[in-house]
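All remarks here apply to the structure that follows.
The values are calculated or read from the model by the stated rules, or taken from the named source; none is laboratory data. Since the model is a prediction, treat every value here as computed from it, not as a measurement. Note that we place each Cβ from the backbone using ideal geometry, even for glycine, and neighbour counts take in every protein chain shown.
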Amino acid sequence: AETALYAAKRMGGRRHAFFRPELAEQARRQLALDGDLRAALALKQFRLHYQPKVSLIDFSLEGFEALLRWEKPGHGMIPPGEFIPVAEETGFIVPLGDWVLDEACRQMREWLDAGMEPVPVAVNISPKHLRNRSAEDFRRIIDRHGLPPDLVELEITEGAVMQDLDHALAVLAALKAMGIRVAVDDFGTGHSSLSYLKRLPITTLKIDRSFISGVPQEREDAGIVSTIIAMADMLGLHVVAEGVEKTEQANFLRHHNCTQVQGWLTGRPVPADAACSLLMERLREIA
Ligand code: C2E
Ligand code: MG
Ligand code: MG
């Protein structure tokens with residue numbers, strides 16, 4: 001969908017366009033928020049929270065997803081849904097996304113240096129970020145912290161791949177060769193066909209929360225979820241269920257051979273210190 005900023009830009013260049021005050025107002029708001037976001041990065045107001053990915057076999061911690069939060073003074077914690085779309089629109093997502101990857105790697109390095117047993121950390125990569133970066137760019141950030149590449153997973157959406165298929169395929173292939181994992185996020189909500197899926201050099205499918213929420217009652221959702229799990233298995237891909245809130249959902253997933261979940265049932269996103277406590281518990285379990 002065309003956004004206000006582009007619409008306004010286009011209108012500015014066209015003498016016969018009608019003036020639409022609500023579009024101009026929306027563009028002004030976007031520009032103001034973009035300025036606030038750039039300032040927030042300089043002022044170090046962004047934080048990462050970490051949500052556990054948990055084994056359905058023994059409920060052990062198998063990884064984290066890093067999720068961005070803006071701690072805006074006087075406004076509390078602002079969730080990503082309220083600013084990522086604008087950052088994506090204005091292009092600020094590129095430096096912001098670089099920061100997220102760098103910060104997740106820095107945090108992991110700190111945990112490793114503190115003697116924690118490593119688990120992979122996933123970072124969300126937006127469509128525009130993917131379009132503007134090469135595999136080497138991502139690799140350079142990971143290398144900066146001396147991390148093994150297979151401790152990092154990049155989560156991309158089907159839309160990000162389809163927007164520029166050739167570039168995405170080249171980047172994904174290079175990432176795979178480097179050992180960096182790639183997951184398709186919100187799987188099932190995009191428009192990628194099975195023939196594309198077969199060609200994508202990825203490691204993981206993350207089943208979108210909207211399907212999980214209907215399981216096990218809704219027949220259609222149950223069918224879609226069990227089919228995605230079977231398809232992932234057939235393609236040799238790892239599969240994760242997102243947004244698991246209830247025991248019945250976990251039971252359904254286990255019954256259909258999905259072995260990893262991420263959701264409120266097994267852990268909400270938490271700040272880095274609480275995530276470190278989870279790593280310490282894990283260390284005790286291993287010992
Ligand atoms: P996502 O990547 O699909 O992340 C999962 C979202 O679902 C997170 O919301 C998480 O808090 C939420 N969630 C997890 N388990 C449950 C559950 O059991 N029930 C419910 N109702 N929700 C659950 P969050 O943190 O608000 O992030 C929303 C979206 O914002 C993310 O969806 C992702 O697309 C985007 N996002 C977050 N951080 C970043 C980032 O660093 N970069 C980019 N480009 N996008 C990000
Ligand atoms: Mg994600
Ligand atoms: Mg998702």
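Which residue is farthest from ligand 1 (Cβ to nearest atom), if the candidates are limited to the stretch 90-119 and must be among the charged types (D, E, K, R) and modelled with pLDDT of 95 or more?
Top of the filtered list is 113.
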Residue 164 being more than 28 Å from residue 283 (Cα to Cα) and either at pLDDT below 95 or basic (Lys, Arg) (or both): yes
Scanning for something within 13 Å of ligand 1 (Cβ to nearest atom), surrounded by fewer than 19 Cβ atoms within 10 Å (Cβ to Cβ) and at pLDDT 95 or above, does the stretch 246-254 turn up at least one residue? yes
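Among the strands (runs of 3 or more DSSP E) contained in the stretch 59-126, which hold 2 or more residues that are of a type in the set (Phe, Trp, Tyr)?
Because the criterion is at least 2 residues that are of a type in the set (Phe, Trp, Tyr), the strands (runs of 3 or more DSSP E) in the stretch 59-126 that meet it are 61-72.
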Looking only at the stretch 133-152, count how many residues are within 16 Å of ligand 1 (Cβ to nearest atom), over 14 Å from residue 103 (Cα atoms) and under 17 Å from the mean Cα position of the chain (by Cα). 1
Taking first residues from the stretch 198-223 that are of a type in the set (Phe, Trp, Tyr) and second residues anywhere that are assigned to a helix (DSSP H, G or I) and surrounded by fewer than 22 Cβ atoms within 10 Å (Cβ to Cβ), the pairs with Cβ under 7 Å that are 6 or more apart or on different chains are 211/221; 211/224
Residue 153 - would you say it is in contact (Cβ under 8 Å) with a residue 40 or more places away in the chain and within 16 Å of ligand 3 (Cβ to nearest atom)? yes
Looking only at the stretch 108-150, which residues are aliphatic (A, V, I, L, M) and in contact (Cβ under 8 Å) with a residue 40 or more places away in the chain? 108, 114, 116, 119, 121, 122, 123, 130, 135, 141, 142, 147
Considering 273, 233, which residue is of a type in the set (D, E, K, R), more than 16 Å from ligand 1 (Cβ to nearest atom) and closer than 20 Å to residue 202 by Cα? 233
Of the criteria (1) surrounded by fewer than 18 Cβ atoms within 10 Å (Cβ to Cβ); (2) within 14 Å of ligand 3 (Cβ to nearest atom), which one residue 158 fails: (1)
Run down 64, 59, 83 and say which single residue is in contact (Cβ under 8 Å) with a residue 24 or more places away in the chain and within 16 Å of ligand 3 (Cβ to nearest atom). 64
Going through (1) closer than 28 Å to residue 136 by Cα; (2) surrounded by 15 or more Cβ atoms within 10 Å (Cβ to Cβ) one by one, residue 179 fails only at (2)
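Here is a yes/no grid of residues against (1) under 16 Å from residue 94 (Cα atoms); (2) out of contact with any His (no Cβ under 6 Å at 6 or more places or on another chain):
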site	(1), (2)
105	no, no
127	yes, yes
165	no, yes
170	no, yes
173	no, yes
177	no, yes
185	no, yes
200	no, yes
Restricting attention to the stretch 71-99, which residues are farther than 14 Å from residue 144 by Cβ and either touching a Leu at 6+ places or on another chain (Cβ under 6 Å) or of a type in the set (A, V, I, L, M, F, W, C) (or both)? 77, 78, 80, 83, 84, 86, 87, 89, 92, 93, 94, 96
